[in-house]
Amino acid sequence: MKKWLVFLYLFLALTVILFCMNLFRIEQNKKKKEQQEIEEKKEKNTIEYKADQTIRVKYTKTGEIVAMDINDYLRGVVPSEMSPTYNMEALKAQALVARTYTYRKLSAHAEGEDADMCDSYAHCQAFYPKEKLFEIWRRRGYDERTILDFWDRINTAVVSTQNEIITYNGECIKAFFHASSPQGTEDISQIWGGETLSYLVKVESLEDESYSNRTSTVEINCDEFLNKLKENNLCKGYNSSDIKNIKIGDYTITGRVKNVQIRDQKVSAEKLRTMIGLKSTNFTIEIKDSTVIFHVIGYGHGVGMSQVGANYYGSHGMDYRQIIEHYYTGVKIEKLN
């Protein structure tokens, strides 16, 4: 009986040992396969096709000007302006918009004699070089495999649309874009001096309701609000009780706020947006005690392509050309000579 138990214990021990060895071997093979995939992605990521056109990019913080291939520049712009997790067709649309914006800037010599573009989103387009993007993604907690996948997606978006630009009447369009317009985009004639462009008019923009900045709220004390207005040479001689009587003065033809009325002073909604940090000019106003509350829909100026909308349409079957033609009315997508 005792010998039988000894054999049983030995059998069980051997079974456990073999099971652990097999588990270890499976885990090692899995790690080996993952490492192989990472190496393959790294090798693939070294194949970054060039466009054979050099542009000069100015880094605004240092003033340094760096010459680079335009494809390398676009690979730095696209993920700086749009999440690399977005649908591939949306990323392609963003690449096309970025290239068009760049060539229009190049033709206008907007950065002077020394540089063609800068890295500021406020003046040109947001731009980070590859190394900086990888650093940012690592800080956000992404593993190496995911980061390489991100870069592969960006590279695909840029290369698959290579040399394509958006035109209207044979010229590069003003390829404006913004984050979100769930109630439709804005007509450019309603802001920025009233320029009329047939391809930048209101269009429907279906968007994912889970987008975090679809709606937002800004609350500001009447005294603080009045001080900000006065800092901008507005509402001089007014007091806090005047601020409580703020109301919407006029709407744009698309239904966004054009200006607000404070007593006999009109303040443009676009100026207000930047002054107090509203995410868009599509808002309503609520007064509660000594606080002005802005209930905001969407994110950005609202002109041109909505990035969240592009992601939605791409995820629902549109290709990048259809996305571009949806947001920019009557345009053509053409190859550069």
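The values are calculated or read from the model by the stated rules, or taken from the named source; none is laboratory data. These figures come from a predicted structure and were not determined experimentally. Virtual Cβ from ideal backbone geometry, glycine too; neighbours counted across all protein chains shown.
The set of residues in segment 227-273 being touching an Asp or Glu at 6+ places or on another chain (Cβ under 7 Å), in a strand (DSSP E or B) and among the β-branched types (V, I, T) consists of I262 alone.
Every residue, every condition in (1) small (G, A, S); (2) farther than 16 Å from I323 by Cα; (3) surrounded by fewer than 19 Cβ atoms within 10 Å (Cβ to Cβ); (4) not assigned by TED's automatic domain parsing to the domain that holds N87, yes or no:
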| site | (1), (2), (3), (4) |
| --- | --- |
| D149 | no, yes, yes, no |
| Q162 | no, yes, yes, no |
| G170 | yes, yes, yes, no |
| T185 | no, no, no, no |
| E195 | no, yes, yes, no |
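Take R256 and decide whether it is at pLDDT below 95, over 20 Å from the mean Cα position of the chain (by Cα) and among the charged types (D, E, K, R). Taking the combined requirement at face value, the residue does not satisfy it. For segment 205-226, filtered to residues that are part of a loop (DSSP other than H, G, I, E, B) and of a type in the set (S, T, N, Q), the residue that is surrounded by the fewest Cβ atoms within 10 Å (Cβ to Cβ) is S210. Scanning segment 301-330 for residues that are under 27 Å from V257 (Cβ atoms), out of contact with any Phe, Trp or Tyr (no Cβ under 8 Å at 6 or more places or on another chain) and not hydroxyl-bearing (S, T, Y) turns up just one, G302.
Is it true that T274 is exposed (fewer than 15 other Cβ atoms within 10 Å of the Cβ) and within 21 Å of the chain's Cα centre (by Cα)? Outline the logic, then answer.
Numbers: exposed (fewer than 15 other Cβ atoms within 10 Å of the Cβ): yes; within 21 Å of the chain's Cα centre (by Cα): yes.
So T274 passes the test.
On inspection, K202 qualifies as in contact (Cβ under 8 Å) with a residue 40 or more places away in the chain, in the same structural domain as I173 (by TED's automatic domain parsing) and assigned to a loop (DSSP other than H, G, I, E, B).
Each residue in segment 277-293 was checked for being surrounded by fewer than 14 Cβ atoms within 10 Å (Cβ to Cβ) and not in a strand (DSSP E or B), and 2 of them qualify.
Among the candidates E39, E81, E89, E111, which residue alone is surrounded by 10 or more Cβ atoms within 10 Å (Cβ to Cβ) and modelled with pLDDT under 70?
Numbers: E81 fails: modelled with pLDDT under 70; E89 fails: modelled with pLDDT under 70; E111 fails: modelled with pLDDT under 70.
Being surrounded by 10 or more Cβ atoms within 10 Å (Cβ to Cβ) and modelled with pLDDT under 70 holds for just one of E39, E81, E89, E111, which is E39.
Quick check: is even one residue across segment 228-236 crowded, with 21+ Cβ neighbours inside 10 Å, of a type outside the set (A, V, I, L, M, F, W, C) and not assigned by TED's automatic domain parsing to the domain that holds I324? No: zero hits.
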